Amino acid sequence: MKALKHALVIMDKPKHDQIAFNRAQQLAKALADAGESAPELQLKAFVYNEAVTDAALDVRDQTALKRSLTRTRKTWLEEQVAAAQAKGLSAKGDAVWTEALARWTCEAVESNAIDLVVKTVHKSKTLTHTPADWTLLRQCQAPVLLCTRKRWSKAPKVLVALDLKRKDRNHARLNKKAIEAGCKIAALFGGEVHLVYTITVSSVLSDLDIVDARKLQKAAATQAQEAMEALAKPYGIPKSQMHLPLGKVGQGVNNVAGKIKADLLVMGTTGKTGLKGLVLGNAAEKVLTRAQCDILALKP
């Protein structure tokens, strides 16, 4: 796992629980306690209010209102920065006026040395609107940690979702990165790593009389088990912590996550763009829809 030097933390609104900020501090403190360099926390408070563009206000009033709202948020953010610094963490903050939170974040990652983006997960999706979570999964080039309200246990269980179906270099690299990241985080907190891969058999093949679906599933399971064991061997992950559920990807992964009471799910995502990505989503999105724990999404 790449060393974390700069983590961009998307702050929740004032008076809300600071889920992402708290998780970022937890991770930074664990690194510091392990004698490693803790990342600088770059706190971003996004500010936007449609009232500022109200046609009834002239340009001067709009500017004054925008400055007032931004200044108020900056004052609040300074308190959050001070709280992190009081814990011995490196932090700085800035209030950003924009409605396009995800787009701004992706651009900031591309133009700055950002090693991790931390954000509280928000579960809402319609056909015509892509939420910030999905935009970050598709387009953000830095790893994205999406945080839930669930508190990590003292010895967290980290579930790493693998893609053993595709054999190309990008997916092979993603599998390795995901396992390394999962092992790194588990080691920091004294937790354990589990691996999961969902075995899916096309319903079209299953419906054909000439195909023995059970035989097909058994063969797929054997191949997946061998591939998973080969990947796990360098990291000392035992067979008892390897899972091969049958079914759909999102359902299979999250069923295992629930069964082992996972605190964090690590997975790779190559992302999709355009209408296809919006309508169909990708494996990461399908998992995210059902996820009840934090998700760390990695790019190749």
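The values are calculated or read from the model by the stated rules, or taken from the named source; none is laboratory data. Computed from a predicted structure; not experimentally measured. In this analysis, Cβ positions are derived from the backbone assuming ideal geometry, glycine residues included, and neighbour counts consider all displayed protein chains. The accessibility values were calculated without ligands, DNA or RNA, using every heavy atom of the protein model including side chains. Shrake-Rupley method; radii C 1.70, N 1.55, O 1.52, S 1.80 Å.
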**Request:** Only residues in the range 192-220 that are under 21 Å from VAL256 (Cβ atoms) count as the first member; pair them with residues that are at pLDDT below 80 and outside any helix (DSSP H, G or I), Cβ under 6 angstrom, at least 6 apart or cross-chain, and list the lot.
**Result:** GLN217/VAL201
**Asked** What number of residues in the range 34-43 are surrounded by fewer than 20 Cβ atoms within 10 Å (Cβ to Cβ), touching a residue at least 40 places away in the same chain (Cβ under 8 Å) and touching a helix residue (DSSP H, G or I) at 6+ places or on another chain (Cβ under 8 Å)?
**Response** 1
**Message:** Residue under question is VAL52, and the condition is that it be on the phi < 0 side of the Ramachandran plot and at pLDDT below 95; does it hold?
**Reply:** yes
**Prompt:** So VAL211 fits all but one of (1) open to solvent by less than 60 Å² (accessible area, probe 1.4 Å); (2) modelled with pLDDT of 90 or more; (3) of a type in the set (Val, Ile, Thr); what number is the exception?
**Reply:** (2)
**Asked** For the range 53-74, what are the residues that are of a type in the set (A, V, I, L, M, F, W, C) and assigned to a helix (DSSP H, G or I)?
**Response** VAL59, ALA64, LEU65, LEU69
**Pairs where the first residue, in the range 160-185, is within 14 Å of VAL266 (Cα to Cα) and the second is open to solvent by less than 70 Å² (accessible area, probe 1.4 Å) and basic (Lys, Arg), C-beta under 9 Å, 6+ apart** = LEU174/LYS299; LYS177/LYS299
**Fill in**
The residue that is nearest to THR120 (Cα to Cα), considering only those in the range 38-52 that are over 22 Å from the mean Cα position of the chain (by Cα) and assigned to a loop (DSSP other than H, G, I, E, B), is TYR48
**Request:** Those residues that are modelled with pLDDT of 95 or more and out of contact with any Pro (no Cβ under 6 Å at 6 or more places or on another chain), I need them from the range 114-141; list them, please.
**Result:** ILE114, ASP115, VAL117, VAL118, LYS119
**Message:** When the residues of the range 54-66 are narrowed to those that are of a type outside the set (A, V, I, L, M, F, W, C) and surrounded by 12 or more Cβ atoms within 10 Å (Cβ to Cβ), which ends up farthest from ILE114 (Cα to Cα)?
**Reply:** ASP61
**Asked** Counting only residues that are open to solvent by 60 Å² or more (accessible area, probe 1.4 Å) and of a type outside the set (Asp, Glu), which one in the range 77-89 is nearest to SER37 (Cα to Cα)?
**Response** GLY88
